[in-house]
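Asker: My structure is below; once you've seen it, I'll send some questions.
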Amino acid sequence: MKLAVTGRDGQVARALAEVAAAAGITLIPLARPEVDLTRPETIAPALHAAGVDAVISAAAFTAVDAAESDADAAFAINEAGARAVALAAADLNIPVLHLSTDYVFDGSGDTPWREGDATGPLGVYGASKLAGERAVAAATDNHAILRTAWVYSPFGANFVKTMLRVGADRDELKVVDDQIGHPTSAHHIAAALIGIARNLTTSPDPALRGTFHMVAEGTTSWAGFARETFVEASRHGFSAPRVTGIPTSEYPTPAARPGNSQLDTTKLSQAHGITLPRWQDGTAEVVTRLMEDRT
Ligand SMILES: NC(=O)c1ccc[n+]([C@@H]2O[C@H](COP(=O)([O-])OP(=O)(O)OC[C@H]3O[C@@H](n4cnc5c(N)ncnc54)[C@H](OP(=O)(O)O)[C@@H]3O)[C@@H](O)[C@H]2O)c1
């Protein structure tokens, strides 16, 4: 199997490069400036030249707060760019695996969201990703839209890396404890994407297509995620701060975040036979790697 991925230098794409290499899968990474989602005309020729069996659409405008003041850029990349990738895949008759987000929901209630539940993004980023989902679905039936959440990895900027950085010289950190979700390792996402791509490229079954929730097993709050990060880091000699939970109201941000980001993953496991590991497993793996990189 030969795969392409957009957003070569993003967390998911970099994890995918490692997981694909280990699995003996050829991965063609596509990135700016050659492939720019704000210039849709750059996409189809690059994908055509790549000669792949499926494309993973991972590039996105992911700056949730910045999106509030730059809606045009967010929609250009997350809606029009996503559409162009899906149209190019349709033209080549290959499946597109498009990454989306828990931020399409409004975060109300306290039960896990299912794929068919009503969406209601709280901010521009979520609205642009929802528009992207709709554009992909309209462009081709041969799609899997995969909503993931709270992504972290050894790469780029993410919550785990921030906690280890700011926690290194503080005795106490105040972290939001009333947003509940699934911290999900980019490497676990990558492994799942390869399994889903294998299924899509070997079977025309409509049950493999559509929208799926793809997050780690189990939930926690950001404060819980921080505590677990520090428990793991302490095993490697890190002097961990105390984590004090605070309500979202004490940590205002330009974009509102959903309180309840629990996602029901039953559909993915039943259709694709894929379940991601527990969030604590990914945390241990990533923290271990980051701590080993320090020494
Ligand atoms: N991070 C999360 O917590 C999270 C949660 C839920 C869903 N997701 C979704 O999962 C996917 C992957 O997320 P991630 O964390 O891996 O993202 P990321 O680390 O922020 O990487 C995004 C990538 O997209 C690229 N990109 C941005 N604008 C582009 C453009 N105009 N043309 C081409 N490439 C462009 C960036 O390129 P440059 O390197 O050139 O800037 C970057 O490499 C995204 O679709 C995101 O919406 C992420």
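The values are calculated or read from the model by the stated rules, or taken from the named source; none is laboratory data. Remember, predicted model here, so these are calculated numbers, not experimental data. Heads up, the Cβs are rebuilt from the backbone with ideal geometry, glycines too, and the neighbour counts pull from every protein chain shown. The accessibility values were calculated without ligands, DNA or RNA, using every heavy atom of the protein model including side chains. Shrake-Rupley method; radii C 1.70, N 1.55, O 1.52, S 1.80 Å.
Asker: On the basis of being open to solvent by 70 Å² or more (accessible area, probe 1.4 Å) and under 20 Å from Phe155 (Cβ atoms), does Arg83 make the cut?
Answerer: no
Asker: So if I check each of Gly120, Gly132, which one is assigned to a helix (DSSP H, G or I), in contact (Cβ under 8 Å) with a residue 12 or more places away in the chain and either in contact with a Cys (Cβ under 7 Å, 6 or more places away or on another chain) or open to solvent by less than 30 Å² (accessible area, probe 1.4 Å) (or both)?
Answerer: Exactly one residue qualifies, and that residue is Gly132.
Asker: Of the numbered conditions (1) in a helix (DSSP H, G or I); (2) near the ligand (Cβ under 10 Å from one of its atoms); (3) surrounded by fewer than 19 Cβ atoms within 10 Å (Cβ to Cβ), Ala90 fails exactly one; give the number of that condition.
Answerer: All conditions are met except number (2).
Asker: So Lys174 fits all but one of (1) free of Cβ contacts under 8 Å to residues at least 12 places away in the same chain; (2) farther than 21 Å from Ala216 by Cα; what number is the exception?
Answerer: Just one mismatch for Lys174, condition (1).
Asker: Provide a single number: the residues in segment 161-179 that are open to solvent by less than 30 Å² (accessible area, probe 1.4 Å) and either in a loop (DSSP other than H, G, I, E, B) or within 11 Å of the ligand (Cβ to nearest atom) (or both).
Answerer: The total comes to 1.
Asker: If you don't mind, there's one more thing I want to ask. Please list, ordered by first then second residue, the pairs with beta carbon atoms under 7 Å, 6 or more apart or interchain, first in segment 8-21 and closer than 19 Å to Pro183 by Cβ, second more than 12 Å from the ligand (Cβ to nearest atom).
Answerer: Final answer for the pair search is Leu16/Leu27; Val19/Ala191; Val19/Ile194.
Asker: Within the group Ala157, Ala192, which residue is within 13 Å of the ligand (Cβ to nearest atom) and open to solvent by less than 10 Å² (accessible area, probe 1.4 Å)?
Answerer: Being within 13 Å of the ligand (Cβ to nearest atom) and open to solvent by less than 10 Å² (accessible area, probe 1.4 Å) holds for just one of Ala157, Ala192, which is Ala192.
Asker: In segment 20-36, what residues are within 13 Å of the ligand (Cβ to nearest atom) and outside any loop (DSSP other than H, G, I, E, B)?
Answerer: Of everything in segment 20-36, those that are within 13 Å of the ligand (Cβ to nearest atom) and outside any loop (DSSP other than H, G, I, E, B) turn out to be Pro29, Leu30.
Asker: Okay, next question. Here are some residues: His182, His98, His143, His187. Which one is in contact (Cβ under 8 Å) with a residue 24 or more places away in the chain and more than 13 Å from the ligand (Cβ to nearest atom)?
Answerer: His143
Asker: Which is touching a Ser or Thr at 6+ places or on another chain (Cβ under 6 Å) and either closer than 17 Å to Ala255 by Cα or not in a loop (DSSP other than H, G, I, E, B) (or both), of Ala66, Ala44, Ala76?
Answerer: So the residue among Ala66, Ala44, Ala76 that is touching a Ser or Thr at 6+ places or on another chain (Cβ under 6 Å) and either closer than 17 Å to Ala255 by Cα or not in a loop (DSSP other than H, G, I, E, B) (or both) is Ala76.
Asker: Okay, moving on. Just to be sure before I move on: is Tyr152 of a type outside the set (A, V, I, L, M, F, W, C), at pLDDT 95 or above and either closer than 29 Å to Arg294 by Cα or surrounded by fewer than 24 Cβ atoms within 10 Å (Cβ to Cβ) (or both) in the structure I sent?
Answerer: Yes, satisfied.
Asker: Which one is surrounded by the fewest Cβ atoms within 10 Å (Cβ to Cβ), of the residues in segment 215-272 that are among the basic types (Lys, Arg) and without any contact (Cβ under 8 Å) to a residue 60 or more places away in the chain?
Answerer: Among those residues, the one meeting the criterion is Arg235.
Asker: In segment 52-78, which residues are open to solvent by 50 Å² or more (accessible area, probe 1.4 Å) and either over 19 Å from the mean Cα position of the chain (by Cα) or away from the ligand (no atom under 14 Å from the Cβ) (or both)?
Answerer: Within segment 52-78, Asp53, Glu68, Ser69, Asp70, Asp72 qualify.
Asker: Further, regarding this structure: Scan segment 35-43 and tell me whether some residue there is within 16 Å of His187 (Cβ to Cβ), of a type in the set (A, V, I, L, M) and either touching a residue at least 40 places away in the same chain (Cβ under 8 Å) or open to solvent by 70 Å² or more (accessible area, probe 1.4 Å) (or both).
Answerer: No: zero hits.
Asker: In addition: Can you name the residue in segment 1-19 that is open to solvent by 30 Å² or more (accessible area, probe 1.4 Å) and part of a helix (DSSP H, G or I) and, of all such residues, is nearest to Lys129 (Cα to Cα)?
Answerer: Applying the filter and picking the extreme gives Gln11.
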